[in-house]
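Asks: Provided herewith is a single structure, encoded as structure tokens, for subsequent inquiry.
The values are calculated or read from the model by the stated rules, or taken from the named source; none is laboratory data. Because the structure is predicted, anything quoted here is derived from the model rather than measured. Reconstructed Cβ throughout: ideal geometry from the backbone, glycine too, with neighbour counts over all protein chains shown. SASA here: full protein model, heavy atoms, side chains in, ligands and nucleic acids out. Shrake-Rupley method; radii C 1.70, N 1.55, O 1.52, S 1.80 Å.
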Amino acid sequence: MTAPRRDTRGIVDAAALFARVDFRRRLPAPELRRYVELYWLIDWDLSDPYASHVVPHPSVNVVFQRFGTAPPWGEVSGIGLELFTQKLEARGRVCGVKFRPGGFHPFAPAWPVSEWSGRRVPIAEVLPATDADVAAILGPPEEDARVAALDAYLLGLGARPDPGADEAMRVVALVGEDRTIRRAAQLASAAGLSVRSLQRLFATYVGVGPKWVILRHRIHDALERAEADGEPDWAALAAELGYSDQAHLVRDFTATVGVPPTAYARAVE
């Protein structure tokens with residue numbers, strides 16, 4: 001069985017987060033892996049509040065959560081267009097489903113995935129869900145039981161194979177596999193599609209445009225390098241990531257993360 005990925009791409013100051021919460025990734029049932037990348041599970045019991053920050057991936061998430069004594073709930077979290085910030089305090093639990101980029105549509109085929117981008121919607125507005133489903137997923141103290149409940153819930157939705165979703169996942173994967181792809185026209189050519197067909201595919205199945213996905217991969221790469229190297233050669237990194245100059249990288253990084261890359265690198269050292 002292939003293990004879920006272990007990198008921290010997108011998590012801002014991952015070391016600080018992992019020092020405060022119990023964070024795990026688990027694989028879904030084999031029948032679900034065509035469209036679901038992984039489950040992510042978080043538990044915490046904090047004496048002081050903490051704000052976590054994530055630069056979102058081009059993925060839809062279904063999230064079941066319980067914060068303190070508030071009633072538990074589930075939501076569909078569309079692709080976040082800005083830095084995602086979540087305040088954690090006291091005790092809580094989250095069980096999340098991360099779909100592959102392009103993989104959510106078979107579970108909610110009535111809408112284009114762009115309908116949910118930048119939004120967090122109560123799960124019952126998008127998918128069949130009951131309070132019993134939420135309780136079954138968040139309630140068990142055993143992690144394996146929570147994973148089994150996630151499997152049972154998703155399998156019960158009866159998603160059907162969708163060639164369009166398969167095509168979207170294939171094309172998005174090209175961005176991660178080939179860092180020389182830096183423009184939508186290049187991606188369209190590599191995928192054997194026209195630019196307009198590529199844009200329609202992304203609107204329906206991914207939820208954001210191809211340019212957004214390419215730029216987000218760049219920022220994730222820059223974040224990962226900043227945390228690994230401390231103070232990388234930003235000019236060289238900008239060139240490596242396909243920016244015309246360092247200033248463009250600094251602008252995109254600052255707009256996405258909220259601080260310039262040099263300040264971020266110093267903060268996580």
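Asks: Residues to consider are 8, 2, 69; find the one that is touching a helix residue (DSSP H, G or I) at 6+ places or on another chain (Cβ under 7 Å), at pLDDT below 95 and part of a loop (DSSP other than H, G, I, E, B). Full working, then the answer.
Replies: Numbers: 2 fails: touching a helix residue (DSSP H, G or I) at 6+ places or on another chain (Cβ under 7 Å); 69 fails: touching a helix residue (DSSP H, G or I) at 6+ places or on another chain (Cβ under 7 Å).
Residue meeting the stated conditions: 8.
Asks: Out of all the residues in segment 170-187, which are within 27 Å of residue 30 (Cα to Cα) and open to solvent by less than 30 Å² (accessible area, probe 1.4 Å)?
Replies: Of everything in segment 170-187, those that are within 27 Å of residue 30 (Cα to Cα) and open to solvent by less than 30 Å² (accessible area, probe 1.4 Å) turn out to be 171, 172, 175.
Asks: Just for helices (runs of 4 or more DSSP H) wholly inside segment 174-256: which have at least 1 residues that are in contact with a helix residue (DSSP H, G or I) (Cβ under 9 Å, 6 or more places away or on another chain) and at pLDDT below 90? Break it down into steps so the answer makes sense when it comes.
Replies: Details: elements: 184-191, 195-201, 210-229, 234-240.
Ranges flagged: 210-229, 234-240.
Asks: Six or more apart or on different chains, Cβ atoms under 9 Å: show the pairs whose first residue is in segment 152-163 and in contact (Cβ under 8 Å) with a residue 60 or more places away in the chain and whose second is surrounded by 15 or more Cβ atoms within 10 Å (Cβ to Cβ) and β-branched (Val, Ile, Thr).
Replies: Close Cβ pairs (under 9 Å, with a partner that is surrounded by 15 or more Cβ atoms within 10 Å (Cβ to Cβ) and β-branched (Val, Ile, Thr)) amount to 154/36; 154/62; 154/97.
Asks: Then there's this: Which one is nearest to residue 218 (Cα to Cα) among residues in segment 246-269 that are hydroxyl-bearing (Ser, Thr, Tyr) and open to solvent by 40 Å² or more (accessible area, probe 1.4 Å)? Break it down stepwise before answering.
Replies: Step one: list which residues in segment 246-269 are hydroxyl-bearing (Ser, Thr, Tyr), which gives 254, 256, 262, 264.
Restricting the remaining residues to those that are open to solvent by 40 Å² or more (accessible area, probe 1.4 Å) gives 254, 262.
Numbers: 254: 13, 262: 16 Å.
Top of the filtered list is 254.
Asks: Residues of segment 1-30 being within 27 Å of residue 162 (Cβ to Cβ) and either of a type in the set (A, V, I, L, M) or surrounded by 12 or more Cβ atoms within 10 Å (Cβ to Cβ) (or both), which ones? Spell out the reasoning first.
Replies: Step one: filter segment 1-30 for residues within 27 Å of residue 162 (Cβ to Cβ), giving 1-5, 9-10, 25-30.
Result: 1, 3, 4, 9, 10, 25, 26, 27, 28, 29.
Asks: Filter segment 158-169 down to the residues that are outside any helix (DSSP H, G or I) and open to solvent by less than 70 Å² (accessible area, probe 1.4 Å), then identify the one that is farthest from residue 206 (Cα to Cα). Please lay out each step first, then the result.
Replies: First pass over segment 158-169, keeping only residues outside any helix (DSSP H, G or I): 158-162.
Of the ones still in play, those that are also open to solvent by less than 70 Å² (accessible area, probe 1.4 Å) are 158-159, 162.
Values: 158: 20, 159: 17, 162: 13 Å.
It comes out as 158.
Asks: Another question, then. Looking at segment 226-261, which of its residues are touching a Phe, Trp or Tyr at 6+ places or on another chain (Cβ under 7 Å) and either farther than 17 Å from residue 55 by Cβ or in contact (Cβ under 8 Å) with a residue 60 or more places away in the chain (or both)?
Replies: Residues satisfying the conditions are 246, 257.
Asks: Scan segment 43-58 residue by residue and report those that are open to solvent by less than 30 Å² (accessible area, probe 1.4 Å) and among the β-branched types (Val, Ile, Thr).
Replies: The answer is 55, and nothing else.
Asks: Keeping to segment 29-63, report how many residues are among the polar types (S, T, N, Q) and either over 10 Å from the mean Cα position of the chain (by Cα) or farther than 23 Å from residue 150 by Cα (or both). It would help to see each step written out before you state the result.
Replies: Initial filter on segment 29-63 (among the polar types (S, T, N, Q)): 47, 52, 59, 61.
Adding the requirement that they be either over 10 Å from the mean Cα position of the chain (by Cα) or farther than 23 Å from residue 150 by Cα (or both) leaves 47, 52.
Counting residues in segment 29-63 that are among the polar types (S, T, N, Q) and either over 10 Å from the mean Cα position of the chain (by Cα) or farther than 23 Å from residue 150 by Cα (or both) gives 2.
Asks: How many of the residues making up segment 131-157 are in a helix (DSSP H, G or I) and either over 20 Å from residue 25 (Cβ atoms) or hydrophobic (A, V, I, L, M, F, W, C) (or both)?
Replies: So the first thing to find is which residues in segment 131-157 are in a helix (DSSP H, G or I), and the list is 131-138, 143-156.
Remaining after also requiring either over 20 Å from residue 25 (Cβ atoms) or hydrophobic (A, V, I, L, M, F, W, C) (or both): 131-138, 145, 147-150, 152, 154-156.
Qualifying residue count, segment 131-157: 17.
Asks: Now, a different point. What are the residues in segment 126-148 that are open to solvent by 20 Å² or more (accessible area, probe 1.4 Å) and among the hydrophobic types (A, V, I, L, M, F, W, C), if any? I'd like the intermediate steps shown before the answer.
Replies: From segment 126-148, those open to solvent by 20 Å² or more (accessible area, probe 1.4 Å) are 128-133, 135-136, 139-145, 148; that's our starting set.
Within segment 126-148, 129, 132, 135, 136, 145, 148 qualify.
Asks: Within segment 65-108, work out how many residues are hydrophobic (A, V, I, L, M, F, W, C), open to solvent by less than 20 Å² (accessible area, probe 1.4 Å) and over 15 Å from the mean Cα position of the chain (by Cα). Please lay out each step first, then the result.
Replies: Filtering segment 65-108 for residues hydrophobic (A, V, I, L, M, F, W, C) gives 67, 70, 73, 76, 79, 81, 83-84, 88, 90, 94-95, 97, 99, 104, 107-108.
Subset that is open to solvent by less than 20 Å² (accessible area, probe 1.4 Å): 76, 79, 88, 94-95, 97, 99, 104, 108.
If we keep only those that are over 15 Å from the mean Cα position of the chain (by Cα) too, we end up with 88, 108.
Number of matching residues: 2.
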